[in-house]
1. Once you have the Kirkwood Rh of the chain from its Cα pairs, apply Stokes-Einstein at 37 °C and 0.692 mPa s and quote D in µm²/s.
2. So with the 1.4 Å probe, I'd like the accessible area per residue for the chain, rounded to whole Å².
3. Below 8 Å between Cα atoms, with a sequence gap of 6+, how large is the relative contact order for the chain in percent?
4. From largest accessible area down, sort Arg22, Arg63, Arg41; use a 1.4 Å probe on the protein chains.
5. What does the net charge come to around Thr4 if you take all other residues with beta carbon closer than 14 Å to its beta carbon, with K and R at +1 and D and E at -1?
6. Using a 1.4 angstrom probe on heavy atoms only, work out the carbon and sulfur share of the accessible area of the chain in %.
7. 7 Å from Cα along Cα→Cβ at both Tyr54 and Gln19: what's the point-to-point distance in nm?
8. Just grab the label-to-label distance for Lys40 and Ile5, each label 7 Å out from Cα along the Cβ direction, in nm (one decimal).
Amino acid sequence: MNATILRQLWSTVEETQTQTLRSLDDASLVNQLLGDLQEKRPLRRDDLEELGDYIRSHLTLIRELAEGRLRTMA
């Protein structure tokens, strides 16, 4: 996995609806983000697996960012 893919991931997180980030269970959120990334750029199988692991390890941060968006909107 390279820096470009990571930038695309975090860009995708920012583009994803706050409600989606907050409401999906962990597995569904990982699949949603991977699917969104695949639409933008085809990824190799090993990149998908590594990215899935990365997303799972950052789910707390992703959800905290979504919560932060809500606080700034209020």
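1. 263
2. Working: 4690 Å² over 74 residues.
For the chain, the per-residue accessible area is 63 Å².
3. RCO, the chain: 45 percent.
4. Details: Arg22 100, Arg63 55, Arg41 75 Å².
From most exposed to least exposed: Arg22, Arg41, Arg63.
5. On the way: positive: Arg7, Lys40, Arg41, Arg44; negative: Asp47, Glu50.
With Lys, Arg at +1 and Asp, Glu at -1, the neighbours total +2.
6. Values: 2300 of 4690 Å².
The computed percentage sits at 49.
7. 2.9
8. Using points 7 Å along Cα→Cβ, the separation is 1.4 nm.
The values are calculated or read from the model by the stated rules, or taken from the named source; none is laboratory data. Computed from a predicted structure; not experimentally measured. Note: ideal-geometry Cβ built from the backbone for every residue, glycine included; neighbour counts use all protein chains shown. SASA here: full protein model, heavy atoms, side chains in, ligands and nucleic acids out. Shrake-Rupley method; radii C 1.70, N 1.55, O 1.52, S 1.80 Å.
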